[in-house]
Amino acid sequence: MSWRRPPNQNLIRRKEHWPVLGETEPAPLEEPWSVRLEGCVERPATWSIEALRAHPSWTERSVDIHCVTRWSKLDCRFAGPRLLDLIEEAGPAAEAESVRFVAHTERRHDTSLTLADIQRHDPIVALDYDGAPLEPIHGGPARIVTPGKYFYKSCKWIARIEIRRDHQLGYWESGPGYHDGADPWREERYVTGSVSPELREKMIKERRFGGRDLRSCVFDGEDLEGLEANGATLRNASFVGARLVRANFEKCFLVNARMMKADLRGARFSGCDVMGVDFREADLAGADLSGARLFGASFCADDGGEGARFDQETRLPEEQLNALTDSQSEYVRAALASVR
Ligand SMILES: Nc1nc2c(c(=O)[nH]1)N[C@H]1C(S)=C(S)[C@@H](COP(=O)(O)O)O[C@H]1N2
Ligand SMILES: [Mo]
């Protein structure tokens with residue numbers, strides 16, 4: 001079903017497998033849960049969970065989840081009222097442009113969508129998943145579900161919906177630099193960081209990236225043997241075919257880094273965030289991946305082809321493989337078994 005799989009996404013096939021990303025719980029609540037809609041509207045409104053359940057626009061939707069960390073989960077059954085009908089009910093002003101979603105969580109997590117995107121993607125305020133109330137860990141009692149966008153446009157524990165004339169960047173879209181467009185078919189994952197060519201050259205020569213912000217930087221084919229990258233932010237960085245023998249990536253933020261065909265013999269990834277990292281055809285002999293977070297990572301192509309190499313010294317504990325999709329964990333198990 002590759003026509004339903006956006007580029008560079010790995011499919012989660014097990015029905016019960018659904019990773020938790022970002023915040024894991026709402027803030028404590030004194031009153032019963034409610035969702036408030038306000039801002040550029042004629043009639044600001046507040047709905048209780050019961051009112052949302054009884055809402056005439058209640059719909060069930062089969063939604064494909066695409067997480068920016070490269071896992072996708074198809075055919076997820078969500079149900080709840082349509083956001084467009086709730087907005088219509090409140091009477092949006094002519095100058096309304098954007099909708100900001102605010103969570104009832106400690107950091108008041110938020111994300112925004114333009115009204116044009118809301119019309120195109122028709123999100124729901126999901127209260128049910130797979131025929132039962134949405135679990136609190138996934139945003140219950142109420143979360144936004146926006147089909148056709150990376151999942152960070154689906155705010156968990158929704159408490160306030162603001163209709164605005166300005167469009168604000170949300171939590172992930174501002175500091176961490178997630179792409180505000182969030183279109184999985186165009187791979188709008190991240191905005192690109194900026195490092196001057198001079199600084200880049202200097203860092204390659206010294207092989208010290210420690211603590212730096214090198215998001216989306218490209219180091220393809222470079223010789224970085226013995227690289228010291230402890231604690232660096234290397235999200236979406238590219239190391240295709242690079243020599244990274246004995247590189248130290250401990251405590252790095254490596255989400256979605258591209259490590260295809262890299263020489264990673266003896267490299268250290270322990271305690272590292274390697275969600276969505278692409279290790280296809282990389283040499284991981286003697287590499288240490290113990291304690292690394294592996295959601296969405298790939299070690300082989302889904303349609304066969306060559307995968308990552310391991311040897312008896314590679315450290316990749318069995319329990320971590322559960323974070324991988326079925327085809328990925330099958331490949332890694334077999335490859336590890338063949339060298340042990
Ligand atoms: N309130 C809140 N909503 C959020 C987030 C968050 O950190 N806080 N993270 C987003 C991201 S990045 C993703 S991938 C999904 C994860 O949803 P899940 O944990 O149910 O898989 O929630 C999105 N909504
Ligand atoms: Mo995400």
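With a cut-off of 10 Å between beta carbons, the residues surrounding residue 157 carry a summed charge of 0, where Lys and Arg count +1 and Asp and Glu -1.
As a rough guide to protection, the peptides 288-300, 209-221, 53-65 ranked by mean Cβ packing within 10 Å, highest first, stand as 288-300, 209-221, 53-65. Taking Lys and Arg as +1 and Asp and Glu as -1, the other residues whose beta-carbon sits under 11 Å from that of residue 34 total 0.
Accessible surface computed residue by residue for the range 253-318, with neighbouring protein chains in place and a 1.4 Å probe, gives 35 Å² per residue. Surface exposure of the range 1-156, expressed per residue as accessible area with a 1.4 Å probe, stands at 44 Å². By DSSP, the beta bridges lying fully in the chain are antiparallel in about 60 percent of cases.
Peptides 33-42, 238-247, ordered by how many other C-beta atoms sit within 10 Å of their residues on average, highest first, read 238-247, 33-42.
Once a ≥ b ≥ c are taken as the square roots of the eigenvalues of the Cα gyration tensor of the range 29-166, is the result rounded (a/c under 1.5), prolate (a/b larger than b/c) or oblate (a/b not larger than b/c)? The shape class here is rounded. Ranked by the mean number of other Cβ atoms within 10 Å per residue, highest first, peptides 151-158, 315-322, 178-185 order as 151-158, 178-185, 315-322.
Atom-type composition of the exposed protein surface of the chain places 48 percent of the accessible area on carbon and sulfur (1.4 angstrom probe). In the structure shown, the pairs 205/251; 15/153; 15/261; 15/149; 73/156; 149/261 are assessed against 25 Å; a Cα-Cα span above that value is assigned to 15/261; 149/261.
When only alpha carbons of the range 69-112 are considered, Rg and Dmax amount to 14.6, 38 Å.
As a size descriptor, the averaged projected area of the C-alpha convex hull of the range 209-340 was calculated at 6.4 nm². On a per residue basis, the convex hull of the C-alpha atoms belonging to the chain measures out at 132 Å³.
Using C-alpha pairs below 8 Å separated by at least 6 residues, the relative contact order for the chain is 12 percent. Close amide H pairs (under 5 Å, H built 1.01 Å from N) link residue 39 with 163, residues at least 5 positions away or on another chain.
The values are calculated or read from the model by the stated rules, or taken from the named source; none is laboratory data. Computed from a prediction, not measured in an experiment: that's the story for all the values here. Cβ: placed from backbone, ideal geometry, glycine included. Neighbour counts: every protein chain shown. Calculation scope for accessible area: heavy atoms of the full protein, side chains included, ligands and nucleic acids excluded. Shrake-Rupley method; radii C 1.70, N 1.55, O 1.52, S 1.80 Å.
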